[in-house]
Structures are given as structure tokens and as C-alpha cells.
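*Asks:* Before I ask anything, let me first share the structure, which is written out below as C-alpha cells.
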Amino acid sequence: MSSAHTLSRQHDFPSDFVWGVATSSFQIEGAAHADGKGPSIWDTFCQVPGAIADASDGLIACEHYERWQEDVNLIASLGVNAYRFSISWPRVQPMGQGEFNEAGLNFYAQLVDGLLAKGIAPYVTLNHWDLPQALQDQGGWANRDTVQHFVNYASAIFKRLGNRVAAYTTHNEPWVIAVLGHESGIFAPGLKSRAIAAQVSHHLLLSHGMTLQALRAQGCTVPLGIVLNLSPTVPATPSAADQAKALLEDGRLLRWYMDPLFKQAYPQDVIDDLGEQAPHIEPGDLEIIATPIDYLGVNYYTRSVVSADGSWKPQNSGLPLNDMDWEIIPECLTQLLVRMHHDYPLPPIYITENGGAFPDPLRDGQVNDQDRIAYIDQHIAAIGHARDQGVQVQGYMVWSLMDNFEWSSGYSKRFGIVHVDYKNQNRSYKASAVWYRDFLAYQRLQKNGTPSSASAEKNRVTGVV
Ligand code: IFM
């Protein structure tokens, strides 16, 4: 039985709206050493004592590398028209430069074929954080050479997958790679330097722009873009100190990426704040970064609250929290989108990730995750409100298709609408998967009178409750 959450049904979404689910390579594939794959920085980072909350790793994950056909059936059974996944760079190019690994390339070519055969549009992300360790050994994203290596890798992917995919994304959440990976060090590669983080963010953006130019020169005609993790940044109190800090954090999270992409400049307040730690920028870099994108992916989960003395705690806000202790505040998604629409000449927007980790107790083999359903319902409605105000949102992807490796939280946090039993890798619908499937069937019914193309598929999925 699906639940009654119906706020999302009060909004009109066009028949070509993209409805999907999302994953990433390291979080689901496993097969860390199979068929010639090289190690990634996350394989290395997982071995650092204390780095991952449950001391787990990506060696097995959801065994998607072996079970991809089952997973394609699972995706099809939901009735989505899109699937967003990422390519593991070290699986297709173990050293990050030089030779490519045919088995790795073939894996993704088959996955794309399998999705297309089911009428599901493949949205391909080229970098969702699993940089080849061999490149990290030479400085990783802090080394400008990595920029060209990334362009070469992206070109090889395009050569193999071509214009059969729906879209290519260069990077997922460059802020996370730069700041969590190189400044706070809580993510791979675990460095703690503000200067390195700033340089890394510049190289990520530069490689993004260069990749766009290279792929278009090679004949790429499908949309190209980048995915940013964005939130409104709000001061914890009206004090001048909190407001100043919130403005700077807005600069670091949002304007540091949006300004160079759309205005060909880094925000001056952040440059000033970085001082000598500001990145080295070569002549022409900013023009390359501002190469026009065909779409912008926005990953939204929560707002960001900032206090000058760092004392703010989500528990004090009175808002509901998810299992990550992230506030649930869907109206901030509308606010964010409307603000961006006013501040930047936006291309079409896709909400490329949205969802939540919830405790998800398994009772009699079922997960009745009404909290996740409410979250998704409210956020789809929030997108409807933004569309009403003129924001061109053209797609929505739930994070995540299934429970998976949640980075430094390991397997202790579950974001999936499909439950994964890590003992036997059984996938089973949570109530939210049923809700999403029914919502999508409702959308189809509204638009073209087809209730559900998904029901036939449903029975073919093993372990579906
Ligand atoms: O799991 C991650 C994903 O890899 C990137 N965006 C946020 C998600 C939830 O933390």
C-alpha cells in the first residue's frame, strides 16, 4: 500500500520532465580489484584507521558490478525515465593516464545498452570522487597535470559511449572534493590544507571547462553540465558577526562555483578571505571555466546554518532532522532555486540528488519509511513552487536508488528507497519506492493516460516486497 503523501500531486510537471534515481560508482559497485580495476583514493582512505565510522570499505558494497542487470530491472520496475550513475575512473583507466581497461569500458557500455533497452535515459557522471590513487600519488587534483588527464579520460569515455547517453556531467559536488577532501580532511584523500583545497577547486573547474570544449570538438551533441551541492546559507542569529560569517560561507559554497561558471570571476570576498591561500590561476583559465553549460545539476538536502563562533547545533533549531542530523526544510529548496534564477543566467536545472537517510527499521521484512516519503513528497512540491516562479527545473532524481556506502559513515546510514540486505545483497522495495512508483504512474496517467509501465517489471525483481 502506498502512503497518502500528495503535496507533490498538486503541481503540474510536463510530460518530458525527467524523473530518476541516482547512485555513484564507489558507493554501489564493489568489485574493487576485479577485471583490472586500479585502486581509487577511496579504496586507500577506507584503510585509514578511524576514517570510516563502521570501519567498512567499498570492496563489496552493493555488488552492483556483478548484479547490474538485476539493478537495471529494479530501476525499470520503478517507472523512472532516467538513471544517474557515475563511472569509476580507475576501473576504465587504472593508472589515471595511459592505457585503458577494456573490461571496465565494456561494463559501462553494457550498462548503457541495458538502460536504453528499457527506455531509461542514462545520465553519466564522469567524476563522483573516486580518483585513481596513481594520480593522487602525483598530487591528485592539486597537480595541474590532473586536469589534462581528466580531459583525456573523459574523451575516451565519450569515444566509447558517444551520444547514446542522455547527458554527461563532469564533476559531482566539487565543493565536497575540495573542502571535505582537502581542507577538513574527513573525506578522501584526507588532506588538511585550505590552500590546497582552493587550488583543487580551481583545477576541478578548469578540467570541467576543458572537458566541455574537448567533447564538443569531438562531436558530442548531448547536454553537458556539472553538478553542485548547494544550500541557502543562513546566519544562526541576527548578530552582525553571524551575518558576516554566513555571507562568507555563501561565497565559499555557492558563489565560488556559480560566479566563475556564469560570470567568469571568483567572488572577491572569498579571494580576499583566502589571501595568500588563494589559488594560482593562469591567464585564460577563467574564460575556459565559463564555457557555457547545457544544464546545471543541483544536489539539495538541507540548508546551511552558520554561527561565527561555531556553536550552532541542528538539535537546537526545532526542525525535524534526518539520520545524518540534517534539518528537513523543503522551502529552502524553493528559496535557493529562486535566488539562483535571479542572480545568474541559468540553463535548465536538474535536481540531480535529493533524499534522506532515515533509521529505516526492518519489520517483518518491510521498511515503512513514511519519513522519507514525506521528505520526497515535500521536496517535489518545493520544486513545483520554484517552477511556478519561473525557474526552469526539468528533472528530479532521488538519492538514492538503494542503500549504499555513505562515505565516512560507511553502511551505517541508509539513503535508499530500496533496502539492501548486506548479508545476502537482497534488494527490496521500501514503502518510499512504492510511493515513488505510484507517483510516477500518476504523472503518466495525468499526461498520457498510461497508468503504469512499471508493474510488469516489478515481478521480475528478486526480493521485492
Ligand atoms: O551519498 C552522497 C552522494 O555521494 C553525494 N551527495 C550527497 C549524498 C548523501 O550524503
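*Asks:* What shape does region 125-240 have by the C-alpha gyration tensor, where a ≥ b ≥ c are the square roots of the eigenvalues, rounded means a/c under 1.5, and otherwise prolate means a/b greater than b/c and oblate the rest?
*Replies:* Because a/c hits 1.5 or more and a/b fails to exceed b/c, region 125-240 counts as oblate.
*Asks:* Which percent of Cα pairs goes in each bin when the distances of the chain are cut into 10 angstrom slices starting at zero?
*Replies:* Histogramming the chain at 10 Å steps yields 4, 21, 33, 29, 12, 1, 0 percent.
*Asks:* So what's the gap between the Cα centers of region 373-432 and region 110-137, to the nearest angstrom?
*Replies:* The distance from the Cα centre of region 373-432 to that of region 110-137 comes to 19 Å.
*Asks:* Quick one: order Thr233, Thr6, Thr44 by neighbouring beta-carbon count within 10 Å, fewest to most.
*Replies:* Thr6, Thr44, Thr233
*Asks:* While we're here: Figure the gain on full extension for Ala244 and Arg216 (residue separation times 0.36 nm, minus the Cα-Cα span) and round it to one decimal in nm.
*Replies:* Length difference between fully extended and current span is 6.0 nm.
*Asks:* Rounded, prolate or oblate for region 306-465? Axes are the square roots of the Cα gyration tensor eigenvalues, ordered a ≥ b ≥ c, and the cut-off for rounded is a/c under 1.5.
*Replies:* oblate
*Asks:* Considering the Cα positions of region 353-419, please state its Rg to one decimal place and its Dmax as a whole number of Å.
*Replies:* Here Rg and the maximum Cα pair distance are 13.9, 45 Å.
*Asks:* Please give the contour-minus-distance gain from Asn106 to Ser412: 0.36 nm per residue of separation, less the Cα-Cα distance, rounded to one decimal in nm.
*Replies:* Length difference between fully extended and current span is 107.0 nm.
*Asks:* Compute the length gained on full extension between Tyr422 and His11: take 0.36 nm times their separation in residues and subtract their Cα-Cα distance, giving the result in nm to one decimal.
*Replies:* Taking 0.36 nm per residue and subtracting the Cα distance, the gain is 144.2 nm.
*Asks:* May I ask for the net charge around Phe358, where only other residues with Cβ less than 15 Å from the Cβ of Phe358 are counted and Lys, Arg are +1 while Asp, Glu are -1?
*Replies:* So the environment of Phe358 carries a net charge of -4.
*Asks:* Using R₀ = 35 Å, calculate the FRET efficiency as 1/(1 + (r/R₀)^6) where r is the Cβ-Cβ separation of Arg363 and Ile186; round to 0.05.
*Replies:* 0.60
*Asks:* Quick one: Cα centre-to-centre distance for region 272-289 and region 18-43, in angstrom?
*Replies:* Answer, in whole Å: 32.
*Asks:* Note down the net charge around His33, summing +1 for each Lys or Arg and -1 for each Asp or Glu among other residues with Cβ under 12 Å from its Cβ.
*Replies:* -2
*Asks:* Right, another one. Can you check what the net charge comes to around Asn172, using other residues whose Cβ is under 11 Å from the Cβ of Asn172 (Lys, Arg +1; Asp, Glu -1)?
*Replies:* -2
*Asks:* Compute the Cα gyration tensor for region 273-348, then decide on rounded, prolate or oblate, letting a ≥ b ≥ c be the square roots of its eigenvalues: rounded whenever a/c is under 1.5, prolate when a/b is larger than b/c in the other cases, and oblate in all that remain.
*Replies:* oblate
*Asks:* Please compute the modelled spin-label separation between Glu287 and Asp272, points set 7 Å along Cα→Cβ, answer in nm with one decimal.
*Replies:* For the pair Asp272/Glu287, the computed spacing is 2.9 nm.
FYI, it's all coordinate maths here, none of it is from the lab. Please read these numbers as outputs of a predicted model, since none were measured by experiment. Every residue, glycine among them, receives a Cβ derived from its backbone with ideal geometry; neighbour counts consider all protein chains shown.
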